[in-house]
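In what follows, a structure is listed as structure tokens, so that the remarks can point back to it.
The values are calculated or read from the model by the stated rules, or taken from the named source; none is laboratory data. Note that the coordinates shown come from a computational prediction; the quantities given were computed from them, not determined experimentally. Cβ sites come from the backbone with ideal geometry, for glycine too, and all protein chains shown count toward neighbours.
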Amino acid sequence: MQYRPFHLYFAAAAGAFSRGVFTVTTAWTALTLTNDIASVGRVLMIWSVLALFIGPFVGVFVDRHDRRLCVLTGQGVCTIALALPLLPFGLSYSLIVAVSLIWAIGQLLIVGPFDALLQGSVAPGLRRQIGARMGSARQIAMVGGGGLAGFIVHYFGAIGGYFIAASSAALMWAAVFALRSVTIEKRGVTVSGYVAHLKEGLDYLANYPALLGTAAIGALAFSAGQMTNALLPAFIRNDIGAGSDLYGVADAAWSAGAVTGSALVIYLLKTRKLALLDGQSLLALGILMGSLFFIKLPMPVIAIQVLAGGAANIAKAISDGNILHRCAEDKIGRVRSLVQALTGLMGVVIYLSPSVLRNYSAGQIYLVWGIVLAIVGAGLSLAIIRSKQSHAQPEER
């Protein structure tokens, strides 16, 4: 397949930017409409639930069908969903839930097949490097969109946020459509039946510890973003007593950290000094997010957001590159969907935590999840060290 970096990078950035704008706009709007932090978690949890229970079967579907057509279909659904608030219905929590549900359905058809397009376009020896760069581009665009959304919602309302999200989603669709002259080969199915095909993907992931470990790190790093989506609006509004303008700055600070983290990943790709950095970044991320419990002033919060955004982006970008590098081409759809399911499981727990911990402030919930991320990050780092010592395969990292 011909490699077209501009179309692929632009499409990934536009889609991630749209997701960032959508998430922040939806979170703040849900909180404004209901004045209930639990309602924010419930509406953002929709994607997580679908990814957990439906995502793995979508991965089987993706590995059986044209990946480009899957991306176009999913992105078209997302664009339509994001345009619904622009219609003269009036904003309500029910409409926000409906938009989130339709958008989540579209998203399930995008991530796996888009990575398959990228994987099939890049020589095997370049997949880790290109995948990490693509992951960095996605993270920068997503958190950049989230940071911009805070200002858009503050000055133009939720309608402005959804307009920007729908427009950038349409740009991704157009960029993927521009790949129409590239032939996408359908993958053969070695085991008949969706359940059997799904089991094949599960067995492949379970029997490949290096791939499973890097997938877990990527899912946890992404979950930190989910945590911010669910908790940051209430933390800014209730714990600090500020408005959406500070919310926008805090989200933009995460973006600034992501840019720095991406630059570091790109530099380290040249020096090949990536060993343990993803697990260590996850450990640092947990410490940083837990420390928000002790902070009540705007400037320290912004500083922590910068550092946390960098740590999360480093872990996620390295994970993305390693997945493309290690995963077999005929299983990338299922593996990506299983990673989405793992991320969805974490998202369900994270988004339900405000409902379960109703007597806890947003800062206290930050502390709980920060401790969890730090412990898991330290544990995965130790597991990687022991695996390397026992198998002596330095090229894996």
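Just one residue in the set 303, 315 is surrounded by 19 or more Cβ atoms within 10 Å (Cβ to Cβ) and either assigned to a helix (DSSP H, G or I) or modelled with pLDDT of 80 or more (or both); that residue is 315. Number of residues in the stretch 85-97 that are in contact (Cβ under 8 Å) with a residue 24 or more places away in the chain and assigned to a helix (DSSP H, G or I) equals 5.
If I go through the stretch 29-57 residue by residue, how many of them are among the β-branched types (Val, Ile, Thr) and not in a helix (DSSP H, G or I)?
Taking the stretch 29-57 as the starting set, the residues that turn out to be among the β-branched types (Val, Ile, Thr) are 29, 32, 34, 37, 40, 43, 46, 49, 54.
When the remaining residues are screened for being not in a helix (DSSP H, G or I), the result is 54.
Number of matching residues: 1.
Residues in the stretch 354-384 that are of a type outside the set (Phe, Trp, Tyr) and not in a helix (DSSP H, G or I) were compared, and the one that is surrounded by the fewest Cβ atoms within 10 Å (Cβ to Cβ) is 359.
Within the bounds of the stretch 333-351, is there any residue that is modelled with pLDDT under 75, surrounded by fewer than 24 Cβ atoms within 10 Å (Cβ to Cβ) and closer than 24 Å to residue 107 by Cβ? Scanning the stretch 333-351, I find no residue that is modelled with pLDDT under 75, surrounded by fewer than 24 Cβ atoms within 10 Å (Cβ to Cβ) and closer than 24 Å to residue 107 by Cβ, so the answer is no. For the condition in contact with a Gly (Cβ under 9 Å, 6 or more places away or on another chain), surrounded by fewer than 18 Cβ atoms within 10 Å (Cβ to Cβ) and modelled with pLDDT of 75 or more, residue 264 qualifies.
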